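Derivation of every value follows stated rules applied to the coordinates shown; laboratory data play no part. Being a predicted model, the structure only gives us computed values, none of them experimental. Positions of Cβ are generated from backbone atoms using ideal geometry, with glycine treated the same way; all protein chains shown enter the neighbour counts.
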């Protein structure tokens, strides 16, 4: 049986963001603007889509999302996460706590609630 949490409870907003890519975690870099995170940064959401010209992006700010992870797999349940500096997340005991509902160690992805 396949399970999918895609988009459950998700809400999004559009921001300027010329250096963003779909699926990467992002942070606020200026008013109405998001950008990539450095390793260890907190993040505000996950870029869901990027405009054709690359100047704007829609960011999931709440709900269930999926992101790539690096390093040790995040633990299921309430886990600290921070940006890994490569567009994904990493387990971080001092990072903001998120509810992790699935870890795909084969695919290197984690599903969590923002």
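Here are a few things to note about the model shown:
- Here residue 60 does not qualify as more than 14 Å from residue 114 (Cβ to Cβ) and surrounded by 15 or more Cβ atoms within 10 Å (Cβ to Cβ).
- Positions within the stretch 55-73 being assigned to a strand (DSSP E or B) and under 21 Å from residue 105 (Cβ atoms), in sequence order: 64, 65, 66, 67, 68, 69, 70
- Among the residues making up the stretch 74-90, those that are touching a strand residue (DSSP E or B) at 6+ places or on another chain (Cβ under 6 Å), surrounded by 16 or more Cβ atoms within 10 Å (Cβ to Cβ) and outside any strand (DSSP E or B) are 74, 84, 88.
- Identity of the residue in the stretch 1-35, in contact (Cβ under 8 Å) with a residue 40 or more places away in the chain and either in contact with a helix residue (DSSP H, G or I) (Cβ under 6 Å, 6 or more places away or on another chain) or under 16 Å from residue 84 (Cα atoms) (or both), that ends up surrounded by the most Cβ atoms within 10 Å (Cβ to Cβ): 25
- Residue list for the stretch 91-114, restricted to those being touching a strand residue (DSSP E or B) at 6+ places or on another chain (Cβ under 6 Å) and not in a loop (DSSP other than H, G, I, E, B): 97, 98, 99, 100, 101, 102, 103, 109, 110, 111, 112, 113
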